[in-house]
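Below you'll find the structure, written out as structure tokens, and then a few comments.
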């Protein structure tokens with residue numbers, strides 16, 4: 001494959017490029033992102049329907065990530081001295097080679113940047129299979145990486161079928177794979193990569209719980225819950241999806257959440273004042289409608305929303321949800337909140353953990369010390385207290401169970417695709 005041969009050559013040159021030069025390239029990348037923020041954001045909005053302010057925020061976040069790694073990569077990749085019976089022993093960090101990225105459509109810039117920037121700074125080259133419904137975003141990103149002074153073919157797109165990607169994984173030159181996508185896609189990639197003994201980072205689905213204690217400030221909790229559920233029209237793996245509310249404040253919270261949801265104006269993602277755009281594809285709306293209808297038939301109570309118009313779906317709240325309903329058991333990728341009550345903290349933890357996913361959850365309440373004590377009981381990759389779950393360049397990001405394995409971002413992300421090489425010296 002031509003792209004793979006080019007990537008190998010690019011990686012050889014990149015690994016010989018001093019770290020300071022790689023850092024300078026990423027600093028230039030941050031500058032370009034900020035300088036053309038509106039143009040890039042418009043591309044995102046036009047391709048997958050994200051409202052324009054959120055698209056601009058996505059570009060700004062990519063620039064922040066570039067800043068973060070430019071500042072810290074030297075520290076992350078520096079040799080680690082280890083005391084032993086040697087005169088000198090240490091761990092050093094070397095690039096693996098060509099890394100294949102398989103990225104989704106819901107954050108077409110951010111998902112790519114959080115994988116590609118630390119991977120390239122570590123000395124690897126990147127082959128990127130973008131989402132097929134966001135080709136212009138992909139082409140724009142490729143042009144950006146080609147313009148910042150890195151060796152040729154340090155970053156390349158490959159518009160390939162799933163079958164072609166499966167064959168590519170088995171090629172000897174591919175040293176690792178990073179996939180952000182569905183659990184089904186992750187399982188298929190893991191099977192191929194596992195047979196070939198390739199390093200993997202899998203960031204898969206999520207069904208995050210948002211647990212509201214009896215002492216919570218309900219107005220603040222409802223505002224935060226709406227943000228956590230409705231960002232990107234609910235099309236996010238880390239969105240809050242299952243709202244688990246103490247019975248003493250259950251109805252009051254539903255009332256407050258209904259008011260928040262009904263403030264979210266649906267419309268043209270480029271129009272001023274729009275807070276919810278369309279879902280990115282008709283099949284996504286089809287699946288959301290199926291989950292909604294089946295859960296209603298099983299006894300869920302409609303609080304607001306539930307109306308589909310083409311690819312638009314009104315912000316929807318279903319109350320009295322139970323663990324047998326699709327909106328609890330499955331990942332819901334759209335603007336629908338599944339709400340249920342609990343009597344005891346033990347019941348809340350059990351409901352939160354009763355999921356095939358383990359990406360993250362939120363705990364909301366005034367007694368932060370008591371909430372901290374619950375963290376070890378939660379089977380999650382992240383626990384956010386009095387905040388929505390979010391990705392942050394400074395914090396490791398990833399899940400457990402069907403949400404995948406491996407970590408992106410922070411130091412852990414910088415070391416995902418390196419050979420940790422032990423050096424032992426006796427004089």
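What follows draws every value from the coordinates through simple rules; no lab data is involved. Keep in mind it's a predicted model, so treat the numbers as computed, not measured. Because the Cβ atoms are built from the backbone with ideal geometry, glycine has one as well, and the counts that use them run over all protein chains shown.
State the antiparallel share, in %, of DSSP beta bridges confined to the chain, rounding to the nearest 5. Each step should come with its number before you reach the end.
Numbers: 20 of 59 bridges.
DSSP beta bridges in the chain are roughly 35 percent antiparallel.
Mind checking the angle between helix 37-48 and the chain's longest principal axis? C-alpha axes, 0 to 90 degrees, to the nearest 10.
60 degrees
Sorted from fewest to most neighbouring beta carbons within 10 Å, what does the list 390, 427, 350 look like? Let's see the in-between values first.
Working: 390 17, 427 5, 350 14.
The fewest-first ordering by Cβ neighbours comes to 427, 350, 390.
How high is the relative contact order of the chain, in percent, with contacts defined as C-alpha pairs under 8 Å that are six or more residues apart? Display every interim value, and only then the final one.
Working: 919 pairs, mean separation 82.3, N = 427.
The normalised contact order for the chain reaches 19 percent.
Hey, what's the per residue convex hull volume over the C-alpha atoms of the stretch 326-427, in cubic angstrom? Let's see the in-between values first.
Values: hull volume 17.1 nm³, N = 102.
In the stretch 326-427, the Cα convex hull volume per residue is 167 Å³.
Compute the long axis of helix 282-297 from its Cα atoms, compare it with the longest principal axis of the Cα atoms of the chain, and write down the angle in degrees, 0 to 90, nearest 10.
The answer is roughly 40 degrees.
Counting other C-beta atoms within 10 Å, which of 309, 320 has the fewest, and how do the rest follow?
Values: 309 10, 320 18.
Placing the least packed residue first, the sequence is 309, 320.
Based only on the alpha carbon positions, what is the Kirkwood hydrodynamic radius of the stretch 334-387, in angstrom? Don't jump to the answer; show the numbers that get you there.
Working: mean 1/r = 0.0832 Å⁻¹.
Final number for the Kirkwood radius of the stretch 334-387 is 12.0 Å.
Report the extension gain between residue 270 and residue 147 in nm, rounded to one decimal, defined as 0.36 nm multiplied by the number of residues separating them, less their alpha carbon distance.
Details: separation 123, 0.36 × 123 = 44.28 nm, distance 2.82 nm.
Gain on extension, residue 270 to residue 147, equals 41.5 nm.
Any idea how far the Cα center of the stretch 372-427 sits from the one of the stretch 109-148, in Å?
That distance is 22 Å.
Restricting to Cα atoms and excluding each atom paired with itself, what does the Kirkwood estimate give for the chain in Å? Show your work: numbers first, answer last.
Values: mean 1/r = 0.0444 Å⁻¹.
Every distinct Cα pair counted, the radius reaches 22.5 Å.
So between residue 259 and residue 293, what do we pick up on full extension, going 0.36 nm a residue minus the alpha carbon distance?
On the way: separation 34, 0.36 × 34 = 12.24 nm, distance 2.26 nm.
Between residue 259 and residue 293, full extension yields 10.0 nm more.
Once label points are set 7 Å from the Cα along Cα→Cβ at both residue 139 and residue 8, what is their separation, rounded to one decimal in nm?
The answer from the label model is 3.0 nm.
Which angle between 0 and 90 degrees, to the nearest 10, do you get for helix 19-35 versus the longest principal axis of the chain when only C-alpha atoms count?
The answer is roughly 40 degrees.
Taking N as the number of residues in the stretch 208-385, what is its alpha-carbon radius of gyration divided by 2.2 N^0.38 Å?
Values: Rg = 15.4 Å, N = 178, 2.2 N^0.38 = 15.8 Å.
Normalised Cα radius of gyration, the stretch 208-385: 0.97.
Measure off 7 Å from each Cα along the Cα-to-Cβ vector at residue 173 and residue 223, then give the distance between these two points in nanometres to one decimal.
5.4 nm
Where in the stretch 78-98 does the amide nitrogen come within less than 14 Å of the point 7 Å from the Cα of residue 426, taken along Cα to Cβ?
84-89
Based on other C-beta atoms within 10 Å, arrange 37, 265 from fewest to most. Please list the in-between numbers first.
Values: 37 18, 265 12.
Fewest-to-most ranking of 37, 265: 265, 37.
Contour minus end-to-end for residue 322 and residue 46, with contour as 0.36 nm per residue of separation and end-to-end as the Cα-Cα distance?
Working: separation 276, 0.36 × 276 = 99.36 nm, distance 3.71 nm.
Contour length minus Cα-Cα distance gives 95.6 nm.
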